[in-house]
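*Asks:* Take a look at the following structure, please.
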Amino acid sequence: KSVITSDHALKLEFIPEWIAIVGSGYIGLEFSDVYTALGSEVTFIEALDQLMPGFDPEIGKLAQRVLINPRKIDYHTGVFASKITPAKDGKPVQIELIDAKTKEPKDTLEVDAALIATGRAPFTQGLGLENINVQTQRGFVPVDERMRVIDANGKLVPNLYCIGDANGKMMLAHAASAQGISVIEQVSGKDHVLNHLSIPAACFTHPEISFVGLTEPQAREKGEKEGFEISIAKTSFKANTKALAENEGEGLAKLIYRPDNGEILGVHIFGMHAADLIHEASNAIAMGTRLQDIKFAVHAHPTLSEILDELFKSAKVTSLFLLIFNENHESAFKINIIQLVKVSTSSAVAQPVPV
């Protein structure tokens, strides 16, 4: 085969001198890492105007500088692969490119192999969903936040749940596992809602990329809609002794947070063992831990974990909280002092927030 998907990408009986990869997401980026290491030349074909569109833009630019620019990789952005003709009778694979917006012909590539890495589609046909009035959306089974299946009238189907890739919420193996655990909690009588913003993702390149939560553009959009500011903190792998000792100083960790209350909105890491480092941040988001608390956590020295330690400590949270105790000396309320000061000159009364 000369035109393949990721299922067959490691089963090729030859190493192509030149391979085109359609899509520059996780799968495409990981296989570009593999094929360039084996000596192949790689060409990315990306429909959007930038490579790695799913990553935080700043991390994507750094990854392009490290993972793409120095290697035998070129790319075409803003184009579709409108037609791919497999290699035959000594002729190479032919890929016809058209402009993603105008649909006008752009170019024709001739390569030794083509890898289609544009993602996966759900396989939900034949499940009999029509018998219970469930209509899929682009093939995905609609569910609520508890993974309960929703029918065409917007009503819950009794005792029916859907987890994993089939519901389209987050097409990652560990997300499917977490959804399954959440469902088991519910059917055994314990209510549980999985926070998908706390689920990490990783790209296994050299070095790795990982992230959890929102990108900077997503966080800024959310802040504008909900009326809060966001702040950014960064730390470099060059400041970490373990990374330098491993000769892996190329890397960046980025924190996106709310300075008014210390909420972690997103963490993005590019560098050595990024896929392992991200879990401290994802667990913090899952547990609702704020920066003013996690910054006191102690990390062993010298370790890569100190990158996250420095990241959290560098965040500047402006909010201070005053604890109000009841007659039993139990913490009853906490009031944001900054917010209290803001309303103290008006007739408004600051509302206590239950702890």
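*Asks:* Looking only at residues that are in contact with a Pro (Cβ under 8 Å, 6 or more places away or on another chain) and aliphatic (A, V, I, L, M) in segment 277-297, which one is farthest from Ala315 (Cα to Cα)?
*Replies:* Looking at residues that are in contact with a Pro (Cβ under 8 Å, 6 or more places away or on another chain) and aliphatic (A, V, I, L, M), I get Ile278.
*Asks:* Any residue at all in segment 127-141 that is more than 26 Å from Thr36 (Cβ to Cβ), touching a helix residue (DSSP H, G or I) at 6+ places or on another chain (Cβ under 7 Å) and in contact (Cβ under 8 Å) with a residue 24 or more places away in the chain? First the steps, then the outcome.
*Replies:* Step one: list which residues in segment 127-141 are more than 26 Å from Thr36 (Cβ to Cβ), which gives 127-141.
Among the residues that remain, those that are also touching a helix residue (DSSP H, G or I) at 6+ places or on another chain (Cβ under 7 Å) are: 136, 140-141.
Those left that are additionally in contact (Cβ under 8 Å) with a residue 24 or more places away in the chain: 140-141.
For segment 127-141, residues more than 26 Å from Thr36 (Cβ to Cβ), touching a helix residue (DSSP H, G or I) at 6+ places or on another chain (Cβ under 7 Å) and in contact (Cβ under 8 Å) with a residue 24 or more places away in the chain: present.
*Asks:* Okay, moving on. Please find, among Ser182, Ser198, the residue that is hydroxyl-bearing (Ser, Thr, Tyr), open to solvent by less than 20 Å² (accessible area, probe 1.4 Å), touching a helix residue (DSSP H, G or I) at 6+ places or on another chain (Cβ under 7 Å) and modelled with pLDDT of 95 or more.
*Replies:* After ruling out the rest, the residue left standing is Ser198.
Residues checked against (1) in contact with a Cys (Cβ under 8 Å, 6 or more places away or on another chain); (2) part of a helix (DSSP H, G or I); (3) crowded, with 21+ Cβ neighbours inside 10 Å:
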{"site": "His206", "(1), (2), (3)": "no, no, no"}
{"site": "Phe211", "(1), (2), (3)": "no, no, yes"}
{"site": "Gln218", "(1), (2), (3)": "no, yes, no"}
{"site": "Lys242", "(1), (2), (3)": "no, yes, no"}
{"site": "Leu255", "(1), (2), (3)": "no, no, yes"}
{"site": "Pro259", "(1), (2), (3)": "no, no, no"}
{"site": "Leu265", "(1), (2), (3)": "no, no, yes"}
{"site": "Ile269", "(1), (2), (3)": "no, no, yes"}
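*Asks:* Shifting gears a bit: Do we find that Tyr26 is open to solvent by 60 Å² or more (accessible area, probe 1.4 Å), within 25 Å of the chain's Cα centre (by Cα), at pLDDT below 95 and among the aromatic types (Phe, Trp, Tyr) in this structure?
*Replies:* Spelling it out, Tyr26 is indeed open to solvent by 60 Å² or more (accessible area, probe 1.4 Å), within 25 Å of the chain's Cα centre (by Cα), at pLDDT below 95 and among the aromatic types (Phe, Trp, Tyr).
*Asks:* Here is a follow-up. Give the residue, chosen from Ala87, Ala81, that is crowded, with 19+ Cβ neighbours inside 10 Å, small (Gly, Ala, Ser) and touching a strand residue (DSSP E or B) at 6+ places or on another chain (Cβ under 7 Å).
*Replies:* Unique residue meeting the criteria: Ala81.
*Asks:* Is it fair to say Glu229 is free of Cβ contacts under 8 Å to residues at least 60 places away in the same chain, assigned to a helix (DSSP H, G or I), open to solvent by 40 Å² or more (accessible area, probe 1.4 Å) and of a type in the set (D, E, K, R)?
*Replies:* No.
*Asks:* Pull up segment 143-160, narrow it to residues that are crowded, with 18+ Cβ neighbours inside 10 Å and within 24 Å of the chain's Cα centre (by Cα), then point me to the one that is farthest from Val193 (Cα to Cα).
*Replies:* Val143
*Asks:* To continue, here is another question. Taking strands (runs of 3 or more DSSP E) that fall entirely within segment 1-82, which contain at least 1 residues that are touching a residue at least 40 places away in the same chain (Cβ under 8 Å) and within 20 Å of Ala100 (Cβ to Cβ)? It would help to see each step written out before you state the result.
*Replies:* Working: elements: 3-5, 18-22, 41-46, 73-77.
Hits in segment 1-82: 18-22, 41-46, 73-77.
*Asks:* Based on this model, can you work out whether Asp56 counts as at pLDDT 95 or above, in contact with a Gly (Cβ under 7 Å, 6 or more places away or on another chain) and open to solvent by less than 50 Å² (accessible area, probe 1.4 Å)? Talk me through it step by step, then tell me what you get.
*Replies:* Numbers: at pLDDT 95 or above: yes; in contact with a Gly (Cβ under 7 Å, 6 or more places away or on another chain): no; open to solvent by less than 50 Å² (accessible area, probe 1.4 Å): yes.
Criteria not met by Asp56.
*Asks:* Only one of Ala100, Ala121 is open to solvent by less than 70 Å² (accessible area, probe 1.4 Å), touching a residue at least 12 places away in the same chain (Cβ under 8 Å) and of a type outside the set (Val, Ile, Thr). Can you tell me which?
*Replies:* After applying the criteria, what remains is Ala100.
The values are calculated or read from the model by the stated rules, or taken from the named source; none is laboratory data. On a predicted model such as this, the values are computed, not experimentally measured, just so you know. Here the Cβ is made from the backbone with ideal geometry for all residues, glycine too, and neighbour counts use every protein chain on show. Note: areas computed on protein heavy atoms with side chains; ligands, DNA, RNA excluded. Shrake-Rupley method; radii C 1.70, N 1.55, O 1.52, S 1.80 Å.
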